[in-house]
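> Before I ask anything, here is the structure I am working with.
The values are calculated or read from the model by the stated rules, or taken from the named source; none is laboratory data. Because the structure is a prediction, the values reported are computed rather than measured. Cβ coordinates were reconstructed from backbone atoms using ideal geometry, including for glycine residues, and neighbour counts include every protein chain displayed. Surface areas here come from the heavy atoms of the whole protein model, side chains and all, with no ligands, DNA or RNA. Shrake-Rupley method; radii C 1.70, N 1.55, O 1.52, S 1.80 Å.
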Amino acid sequence: MSTEAAVIASPSFEDAIARYEPVIGLETHVELGTASKMFCGCSTSFGAPPNSQVCPVCLGLPGALPVVNEAAIRFAVMIGLALNCEISSWCRFARKNYFYPDMPKNFQISQYDEPLCTGGWLAVEVDGEVHRVGITRVHLEEDTGKSLHVGGATGRIHGATHSLVDYNRSGIPLVEIVTEPDVRSPQVARAYVEELRELLRELAVSDVRMEQGSLRCDANVSLRHRPVPGEPDAPFGTRTETKNLNSLRSVERAVRYEITRQAGLLDGGERIHQETRHFDEASGRTAPGRSKEEATDYRYFPEPDLTPLALTREYIDAVGASLPELPSQRRARLIAEHGFSPRDLIDMGNAGVLELVEQTIAAGAAAPAARKWWLNELARRAADQSVTPADLAIRPVDVARIIELIADGSLTDALARKVFDGVLAGEGDPDEVVSARGLAVVTDDTALSAAVDTAIAASPDLAEKVRGGKLNAVGPLVGAVMKAMKGQADAATVRGLLLERLGAA
């Protein structure tokens, strides 16, 4: 039976992990958000016309010499410090030799035996349990170009009629973050990438947009038999490397699939081949790529056109002093100060409103209300406009004022949404919108009483049911009054007046 045919006999995931222990290491590639490329002055902006952001250096033309981008060095040091790494006071670049059509020099300037950062860790929490994932190294390199395979059904080279190469991405600063093989489940793998993405976003060193390729993850997966008490652990199995996973969901699904696939092969007496694999989103399966090279295959040697980096202690300390509050620190503070749950923080972070909620609280709003309006109302409006919540034409201080008007009874939630409409349309601040649109809750007892009497007179059957003790029948009457008042009444007040008039209070 062939290796791929054995997939048919794969066990369930639960059965696989009952008998085998997954050993997972992750390699994450992060495009840094510098204005220019790693070794030249070309722009790094995303979405430019193909091959419009290139020069002799990033095209690898003869005689072109690289110059290191200091901003990229600083960003890499920030990442290393945030991941609790040791920062090397002396390191150098190397040439990593291999051929791809999108490698214009036929080698990549990277780091090999002397990386910039080593020996760190990142803690992640899954189902209340904290997992500490060791960081082997953080090193700098340059990104490759991008091959576009045209004419096939999958976008891959197999079946394509021809291929195009865009070198705009070639030379963009890239940081590779390599973990120890400390991860033992697909859920922890996903949580690690999610936590790393939040950390990088907080550092403002990358936009970490996985869908655009600025954050990509390779998952190394192997299996070994479950440890037996009193016996030494089994050696690691042969690993596969699933390349370029571009979403958190893909990370978890690809690792999960590889665990069951490899378990099925081992159960059938097959060997695991060390190879790269590609994950197909539609089928949820991985497919073979190429046999996995060892370091010797790349023929590393020191880059002759670049001098070693010698970072002073003063420089490293200065970079460390510039670090912002990290996600784990912020979570602990927000939970302690405002009573948010860990799920609240994840939801707000994913929606891009966490900082906006903080600013709204600082402007005087209650934490639950600030979370509610940014996460539910304003994040939805931002998505409808295809912008980020921070790009909406409303300030946290405006949201805080609307929340204050709701709290003091001047606005209902329905009226507040109309105020949001006005502010977002540029009609002024909340008070100006309320005044111009006449949106304040009506407090005129005469007008409200008249609307209540009219609703009762128009629906005598409902009124009689309420008098008879069927309090649910008051709902349509409340609706009638609210319609007559154009929504500018407090529903709870209206309900109380109706029950009082009908002798059911």
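> Every residue in region 187-228 that is out of contact with any helix residue (DSSP H, G or I) (no Cβ under 8 Å at 6 or more places or on another chain), part of a loop (DSSP other than H, G, I, E, B) and crowded, with 18+ Cβ neighbours inside 10 Å, please.
Within region 187-228, just 214 meets the criteria.
> Quick one: which residue in 361, 335, 316 is in contact with a Ser or Thr (Cβ under 9 Å, 6 or more places away or on another chain), within 30 Å of residue 82 (Cα to Cα) and modelled with pLDDT of 95 or more?
Sole residue among the options that is in contact with a Ser or Thr (Cβ under 9 Å, 6 or more places away or on another chain), within 30 Å of residue 82 (Cα to Cα) and modelled with pLDDT of 95 or more: 316.
> Still on this structure, please answer the following. Which one of these does residue 75 not meet: (1) in contact with a Gly (Cβ under 9 Å, 6 or more places away or on another chain); (2) within 26 Å of residue 242 (Cβ to Cβ)?
So the condition that residue 75 fails would be (2).
> Could you tell me which residue of region 472-491 is farthest from residue 434 (Cα to Cα), considering only residues that are at pLDDT below 80, open to solvent by 30 Å² or more (accessible area, probe 1.4 Å) and assigned to a helix (DSSP H, G or I)?
It comes out as 472.
> Oh, and also: Quick check on this structure: which one of 153, 160, 123 is farther than 26 Å from residue 56 by Cα, of a type outside the set (Phe, Trp, Tyr) and open to solvent by 70 Å² or more (accessible area, probe 1.4 Å)?
Exactly one of 153, 160, 123 is farther than 26 Å from residue 56 by Cα, of a type outside the set (Phe, Trp, Tyr) and open to solvent by 70 Å² or more (accessible area, probe 1.4 Å), namely 153.
> Tally up the residues in region 133-158 that are at pLDDT below 85, under 24 Å from residue 98 (Cα atoms) and of a type outside the set (Val, Ile, Thr), please.
Counting residues in region 133-158 that are at pLDDT below 85, under 24 Å from residue 98 (Cα atoms) and of a type outside the set (Val, Ile, Thr) gives 3.
> Go over the candidates 320, 352 one by one and state the one that is of a type outside the set (Phe, Trp, Tyr), surrounded by 13 or more Cβ atoms within 10 Å (Cβ to Cβ) and on the phi > 0 side of the Ramachandran plot.
Every option except 352 fails the conditions.
> Taking only pairs six or more apart or across chains, which ones have beta-carbon atoms under 6 Å, a first residue in region 297-315 that is within 20 Å of residue 72 (Cβ to Cβ) and open to solvent by less than 70 Å² (accessible area, probe 1.4 Å), and a second residue that is of a type in the set (Val, Ile, Thr) and in a strand (DSSP E or B)?
303/109
> Being closer than 16 Å to residue 118 by Cα and out of contact with any Gly (no Cβ under 8 Å at 6 or more places or on another chain) is the filter; apply it to region 163-186 and report the residue that is surrounded by the fewest Cβ atoms within 10 Å (Cβ to Cβ).
Looking at the filtered set, the residue picked out is 176.
> Restricting the first residue to region 188-206 and requiring it to be more than 13 Å from residue 328 (Cβ to Cβ) and modelled with pLDDT of 95 or more, which pairs with a second residue that is aromatic (Phe, Trp, Tyr) and surrounded by 21 or more Cβ atoms within 10 Å (Cβ to Cβ) meet a Cβ separation below 6 Å and a spacing of at least six or different chains?
Sorted first by the residue in region 188-206, then by its partner, the pairs are 205/75.
Residue-by-condition table, conditions (1) at positive phi; (2) loosely packed, with under 15 Cβ neighbours inside 10 Å; (3) under 30 Å from the mean Cα position of the chain (by Cα); (4) in contact (Cβ under 8 Å) with a residue 24 or more places away in the chain:
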| site | (1), (2), (3), (4) |
| --- | --- |
| 67 | no, yes, no, yes |
| 73 | no, no, yes, yes |
| 78 | no, no, yes, yes |
| 91 | no, no, no, yes |
| 99 | no, yes, no, no |
| 108 | no, no, yes, yes |
| 116 | no, no, yes, yes |
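> One residue is enough: does region 219-235 have a residue meeting the conditions at pLDDT 95 or above and under 14 Å from the mean Cα position of the chain (by Cα)?
no
> Could you grab me the full set of residues in region 22-39 that are crowded, with 21+ Cβ neighbours inside 10 Å and of a type outside the set (A, V, I, L, M)?
Across region 22-39, the qualifying residues are 22, 25, 28, 31, 37, 39.
> Name the residues in region 297-316 that are part of a loop (DSSP other than H, G, I, E, B) and among the basic types (Lys, Arg), would you?
Within region 297-316, just 299 meets the criteria.
> Only one of 122, 81, 148 is touching a helix residue (DSSP H, G or I) at 6+ places or on another chain (Cβ under 8 Å) and part of a strand (DSSP E or B); which?
122
> Quick one: in region 233-270, of everything that is part of a helix (DSSP H, G or I) and of a type in the set (S, T, N, Q), which residue is most open to solvent (accessible area, probe 1.4 Å)?
260
> When you go through 123, 153 one by one, which is the residue that is aliphatic (A, V, I, L, M) and in contact with a Lys or Arg (Cβ under 6 Å, 6 or more places away or on another chain)?
123
> Could you please give the count of residues in region 324-370 that are part of a helix (DSSP H, G or I) and either touching a Gly at 6+ places or on another chain (Cβ under 6 Å) or not small (Gly, Ala, Ser) (or both)?
The total comes to 26.
> For region 45-78, which positions are modelled with pLDDT of 95 or more and either in a helix (DSSP H, G or I) or among the hydroxyl-bearing types (Ser, Thr, Tyr) (or both)?
52, 70, 71, 72, 73, 74, 75, 76, 77, 78
> Return the residue satisfying two criteria in turn: it lies in region 275-296 and is in a strand (DSSP E or B) and among the charged types (D, E, K, R), and of such residues it is nearest to the chain's Cα centre (by Cα).
Selected residue: 280.
> Name the single residue that is farthest from residue 487 (Cα to Cα) among those in region 397-411 being open to solvent by 20 Å² or more (accessible area, probe 1.4 Å) and touching a residue at least 12 places away in the same chain (Cβ under 8 Å).
397
> Can you give me the number of residues within region 126-141 that are in a strand (DSSP E or B), touching a residue at least 12 places away in the same chain (Cβ under 8 Å), open to solvent by 30 Å² or more (accessible area, probe 1.4 Å) and closer than 21 Å to residue 331 by Cα?
Total meeting the criteria: 2.
> What are the residue pairs meeting all of these: first residue in region 232-246, first residue within 17 Å of residue 181 (Cβ to Cβ), second residue in a loop (DSSP other than H, G, I, E, B) and of a type in the set (D, E, K, R), Cβ atoms under 9 Å, and 6 or more apart or on different chains?
Qualifying pairs under 9 Å: 234/226; 238/271; 239/292; 240/292; 241/292.
> Does residue 144 fit the bill of being within 25 Å of residue 289 (Cβ to Cβ) and open to solvent by 30 Å² or more (accessible area, probe 1.4 Å)?
no
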